[in-house]
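Down below is the structure, laid out as structure tokens.
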Amino acid sequence: MDTALDLLNEVGLDGLTLRTIARELDVKAPALYWHFKDKQALLDEMATEMYRRMVAGTSLDPGDGWRERLLKTSRGLRAALLGYRDGAKVFSGSRFTGVAHAEQMEGVLSRLTAAGLSLPQAVAAITTAYGYTLGFVTEEQGVQPVPGERREGYDVGERARMMAAFPLSAAAGPELFGDYDRRFEEGLELLVAGIAARYGIA
């Protein structure tokens, strides 16, 4: 997993293959197929390892209410995904191996149900927060694959000139393609306020 995650940062998801990893480890590719039947199995384990590292690096207060816990887990997930080139793509559609994620999920669900939500409502709240975070980082990494690197074609000045006939859309460029930290936090605030309003919880 260390080798696979290091290579992910170098070559991205499209360039990451079992053969590439085998070459880096100086073994034959069939040796890896003993552990992973295909690339998706590899991605499942990579996502699980990324999650383990995220949990190890996230400080959670037992006294957190549902808002604080939902905010902290969403922020922690974003930070973990941004730690790897194509991190959000690796996570998207992957299935965790084992139950490494269950403790944190239990913590959020228990706080939401203690606040008065039914279990289906609590699941809707956490999956919406998860989907928001994953989608946000997918778009963020589409512009900035890793911090400090910007893909070609995302010059907001050039975009504004091309869209001059659509002044509001042209002016929206800096909001759409910059200041990701602030925009993520604003979206989280909207999401949490929406959960509170929808389900009538404090």
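Every number in this text was worked out from the coordinates using simple rules, so none of it is lab data. Just so it is clear, the structure is predicted and the values come from calculations on it, not from any experiment. With ideal geometry, Cβ positions are generated from the backbone for all residues, glycine too; neighbour counts draw on all protein chains shown.
Of note:
- Summed over qualifying helices (DSSP H, 4 residues or more, each -39500 (n - 2.57)) and divided by its residue number, the chain shows a 222 nm mean residue ellipticity of -21500 deg cm²/dmol.
- This ranking places VAL27, VAL146 by how few other beta-carbon atoms lie within 10 Å of each, fewest first, which gives VAL27, VAL146.
- As a rough footprinting exposure proxy, the listed residues ARG182, ARG52 were ranked by other beta carbons within 10 Å of their own, and the order from fewest upward is ARG182, ARG52.
- In loop segments of the range 132-188 as defined by DSSP, the GluC sites (Glu not before Pro) with at most 10 further C-beta atoms inside 10 Å of their C-beta are GLU149, GLU152.
- Net charge of the neighbourhood of ALA29, taken over other residues with C-beta under 10 Å away and scored Lys/Arg +1, Asp/Glu -1, is +3.
- The modelled label-to-label distance between ALA196 and VAL143, using points 7 Å beyond Cα along the C-beta direction, is 2.7 nm.
- Among the listed values [x] 13.5; [y] 16.5; [z] 10.1, the one computed from these coordinates for mean projected area of the Cα convex hull in nm² is [x].
- Estimated inter-spin distance, ARG75 and ARG182, nm [label 7 Å along Cα→Cβ]: 1.8
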